[in-house]
Amino acid sequence: MLLLPATMFHLLLVARSGPARLLGLPPYLPGPEALWSPWALLLWLTWLGLQAAFYLLPARKMAEGQELKDKTRLRYPINGFQALVLTALLVGLGVSAGLPLGMLTEMLLPLAFVATLTAFIFSLLLYLKALIAPASALAPGGNSGNPIYDFFLGRELNPRICSFDCKYFCELRPGLIGWVLINLALLVQEAELRGSPSLAMWLVNGFQLLYVGDALWYEEAVLTTMDITHDGFGFMLAFGDLAWVPFTYSLQAQFLLYHPQPLELSMASVICLINAVGYCIFRGANSQKNTFRKNPSDPRVAGLETISTATGRQLLVSGWWGMVRHPNYLGDLIMALAWSLPCGVSHLLPYFYLLYFTALLVHREARDEQQCLQKYGLAWREYCRRVPYRIVPYIY
Ligand SMILES: NC(=O)C1=CN([C@@H]2O[C@H](COP(=O)(O)OP(=O)(O)OC[C@H]3O[C@@H](n4cnc5c(N)ncnc54)[C@H](OP(=O)(O)O)[C@@H]3O)[C@@H](O)[C@H]2O)C=CC1
Ligand SMILES: CC(C)CCC[C@@H](C)[C@H]1CC=C2C3=C(CC[C@@]21C)[C@@]1(C)CC[C@H](O)C(C)(C)[C@@H]1CC3
């Protein structure tokens, strides 16, 4: 809990330092005046309030989540993409009225500080709220009795205030949309400093906007991810969603602002191709599984080979899910590589995301494997026999 914020501040500080060494010491240790700003707090709270207001707007659709322990299903508004468009319109209006968006890049440290503070306070409130939640509302992990462990993992599965779902809101709105807004501010700032944004900055902005736009367009798919169906809402996700995502996932764009990198058109085309391949695998795999889980007789998936399980559910063994056991992770990792390549190969720092993400997905894959083995038993073993590789064909 201390190491994660420390890593985030380390990355923010080294990204703007001359040597930009991932493993080097930060150029200076920020004092309270560099971290604390009432304006940053005001801006952050306004941002959270704005995104919460967008969440509460009428949605084009209400989706049902997975069945819970008490056999009920929660309902979720599907209006994340609408929130992204409204945010873009508002920011566009602001910029045309003279709002200095590039200035946001000067406030990253105090904003990251207030986001971290919010995550700690929010997690504490969530921990306290879980004390009065019924046992059926608690997450399978995160209720060990060790308060520090439970505070970190999160005790309640789907904490809500009336119909407002705190975890679903945080997972997709303030952090993800904040990430692309920070990227955009870095692009604007680069244009102000150097006359126009660099090709590398355009690529990083474009790729990551596609990733965030995709997440919000296919918002309903998040309801079947491990975070929503299995993990409690505690410090890990609150900090991850609110602080880690916007301030560390924008690291490549931060690096590019302070360390401009030349990029040939031919190299840029290769990088675009890598991103496109990654995206096709990621989207193809996620959509195939979601379509199959919603309706196995959908013509798009009806011809795929499957294994039956004792639970009545089936497992795909052909198509994307017959290539490796987590094709979506493979696609995500290929995209992560494409996001770092525009930053060149002179520094390790822009590859931090790729390294962290590999570790996260390897660990996540192992957790999922454990859960699937528990759920599906012998059928899962048979799936592992038929599809022996986890993430990368013939390698892992
Ligand atoms: N950018 C980021 O920081 C992060 C991105 N991600 C991305 O989020 C996405 C979701 O990931 P995550 O929630 O971890 O897991 P998945 O979407 O991979 O879901 C795993 C579940 O899929 C089902 N499943 C597994 N194999 C099969 C099969 N052969 N046929 C049918 N169903 C199967 C099982 O659930 P069941 O059988 O119950 O349906 C399993 O528990 C991924 O694309 C990942 O890359 C994840 C973490 C961080
Ligand atoms: C800080 C810790 C070390 C780890 C925190 C992990 C979180 C940052 C991630 C856990 C799962 C995530 C997902 C996405 C973002 C990062 C977190 C919150 C996701 C919303 C990104 C966009 C994708 O399209 C997705 C599939 C919707 C992702 C779902 C999981």
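Miscellaneous remarks
- Residues considered: Phe255, Phe169. Of these, the only one that is open to solvent by less than 30 Å² (accessible area, probe 1.4 Å) and touching a Pro at 6+ places or on another chain (Cβ under 7 Å) is Phe255.
- Within the range 291-320, residues that are among the β-branched types (Val, Ile, Thr) and within 16 Å of ligand 2 (Cβ to nearest atom) have Cβ atoms under 6 Å from residues that are open to solvent by less than 80 Å² (accessible area, probe 1.4 Å) and in a loop (DSSP other than H, G, I, E, B) in these pairs: Thr291/Asp298; Thr291/Val301, counting only partners at least 6 apart in sequence or on another chain.
- Of all the listed residues (Ala20, Ala59), the sole one being farther than 29 Å from Pro260 by Cβ and in a loop (DSSP other than H, G, I, E, B) is Ala59.
- Test: Leu355 is of a type in the set (A, V, I, L, M, F, W, C), more than 20 Å from Gly213 (Cβ to Cβ), outside any loop (DSSP other than H, G, I, E, B) and open to solvent by 70 Å² or more (accessible area, probe 1.4 Å): yes
- Residue in the range 206-225 that is surrounded by 19 or more Cβ atoms within 10 Å (Cβ to Cβ), among the polar types (S, T, N, Q) and away from ligand 2 (no atom under 16 Å from the Cβ) present: no
- Candidates Ala243, Ala253: the one that is out of contact with any strand residue (DSSP E or B) (no Cβ under 6 Å at 6 or more places or on another chain), within 16 Å of ligand 2 (Cβ to nearest atom), in the same structural domain as Gly102 (by the TED database) and outside any loop (DSSP other than H, G, I, E, B) is Ala243.
- Residues in the range 367-396 that are among the hydrophobic types (A, V, I, L, M, F, W, C) and either touching a residue at least 24 places away in the same chain (Cβ under 8 Å) or out of contact with any Phe, Trp or Tyr (no Cβ under 6 Å at 6 or more places or on another chain) (or both): Leu378, Ala379, Trp380, Cys384, Val387, Ile391, Val392, Ile395.
- Enumeration of residues in the range 55-108 that are of a type in the set (Ser, Thr, Tyr), over 23 Å from Asn158 (Cα atoms) and crowded, with 18+ Cβ neighbours inside 10 Å: Thr87, Thr105
- Selected residue (only one of Leu176, Leu111, Leu126 is touching a Cys at 6+ places or on another chain (Cβ under 8 Å), under 17 Å from Ala243 (Cβ atoms) and crowded, with 21+ Cβ neighbours inside 10 Å): Leu126
- Of note, Gly278 does not satisfy the criterion of being closer than 19 Å to Asp214 by Cβ and in contact with a Pro (Cβ under 8 Å, 6 or more places away or on another chain).
- Selection from the range 321-365 of residues that are more than 30 Å from Tyr258 (Cβ to Cβ) and away from ligand 2 (no atom under 15 Å from the Cβ): Trp321, Gly322, Met323, Val324, Arg325
- Verdict on Leu43 being more than 29 Å from Pro147 (Cβ to Cβ) and either within 16 Å of ligand 1 (Cβ to nearest atom) or in a helix (DSSP H, G or I) (or both): yes
- Filtering the range 278-298 to residues that are open to solvent by 40 Å² or more (accessible area, probe 1.4 Å) and either modelled with pLDDT of 95 or more or among the β-branched types (Val, Ile, Thr) (or both) leaves Tyr279, Cys280.
The values are calculated or read from the model by the stated rules, or taken from the named source; none is laboratory data. Nothing here was measured: the structure is a model prediction, and the numbers come from that model. Every residue, glycine as well, gets a Cβ built from its backbone with ideal geometry; the counts of neighbours run over all protein chains shown. Remember, those area values only see protein heavy atoms, side chains included, never the ligands or the DNA or RNA. Shrake-Rupley method; radii C 1.70, N 1.55, O 1.52, S 1.80 Å.
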